[in-house]
1. If Leu65 satisfies all but one of (1) touching a His at 6+ places or on another chain (Cβ under 8 Å); (2) within 24 Å of Glu100 (Cβ to Cβ), what's the number of the condition it fails?
2. Taking into account only those residues within region 56-106 that are of a type in the set (Val, Ile, Thr) and farther than 16 Å from Ala129 by Cα, which is nearest to the chain's Cα centre (by Cα)?
3. Condition test on Arg85, is it surrounded by 13 or more Cβ atoms within 10 Å (Cβ to Cβ), among the charged types (D, E, K, R), touching a residue at least 24 places away in the same chain (Cβ under 8 Å) and within 29 Å of Ala15 (Cα to Cα)?
4. Give me the residue from region 64-78 that is part of a strand (DSSP E or B) and not β-branched (Val, Ile, Thr) and, out of that set, farthest from Phe46 (Cα to Cα).
5. Any idea which of Leu80, Leu106 is surrounded by 13 or more Cβ atoms within 10 Å (Cβ to Cβ), in contact with a strand residue (DSSP E or B) (Cβ under 9 Å, 6 or more places away or on another chain) and among the hydrophobic types (A, V, I, L, M, F, W, C)?
6. Do any strands (runs of 3 or more DSSP E) lying entirely in region 79-152 carry at least 3 residues that are modelled with pLDDT of 95 or more and charged (D, E, K, R), and which ones are they?
7. Please give the number of the condition Ala92 fails out of (1) free of Cβ contacts under 8 Å to residues at least 24 places away in the same chain; (2) more than 23 Å from Thr21 (Cβ to Cβ); (3) hydrophobic (A, V, I, L, M, F, W, C).
Amino acid sequence: MKYARQLSYAAAFGALMAQITPREFADVDALCAVPLHRWRHLRRGFNQAEELCRIVHRRTGLPLLKTVRRVRNTVPQSGLGRSARQANLRGAFRIVGRCEFSHPLLIDDIMTTGETCRQLAQLLLAHGASDVSVLTVARASARDYAAGTAKV
């Protein structure tokens, strides 16, 4: 979706995500797209997680948590190992303002190691959330990731 600029996929995937959200994530009280740094957003022209999140928001009515920012322009995670991903994302996100929701649902396109979501969840929990859930379109298998063949 993000590399081939296939935003039409976002409509289909977002609709499926919206369909399962009330059933699988009944306790969430807000949606939070994994943010892109502003330079990457400008270069790409869109944030795939935001596109998915917007569709889920429209269909479920859940409010959007807009206070999370990517404040450091990290290198792309693809091709990095687990420890390099951790180092790459350290200090990359910040809460701007108050986090007024107790159980946000993080939305992203792909989860490989889960490091991005782990970093964001820790940040949200440190700023008042009591729980954080995650919903992605796809997840790379640990076996494929460990073998270096993870393709989603």
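The values are calculated or read from the model by the stated rules, or taken from the named source; none is laboratory data. If you're wondering where the values come from, they're calculated on a predicted model, not measured in any experiment. Note that we place each Cβ from the backbone using ideal geometry, even for glycine, and neighbour counts take in every protein chain shown.
1. All conditions are met except number (1).
2. Ranking the candidates gives Val56 first.
3. In short, no.
4. Here the answer is Leu64.
5. Leu106
6. Counting at least 3 such residues, we get no strands (runs of 3 or more DSSP E) at all.
7. Failing condition for Ala92: (1).
Yes or no, residue by residue, for (1) touching a helix residue (DSSP H, G or I) at 6+ places or on another chain (Cβ under 7 Å); (2) of a type in the set (S, T, N, Q); (3) more than 12 Å from Val34 (Cβ to Cβ):
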| site | (1), (2), (3) |
| --- | --- |
| Arg59 | yes, no, yes |
| Arg72 | no, no, yes |
| Ser78 | no, yes, yes |
| His103 | no, no, yes |
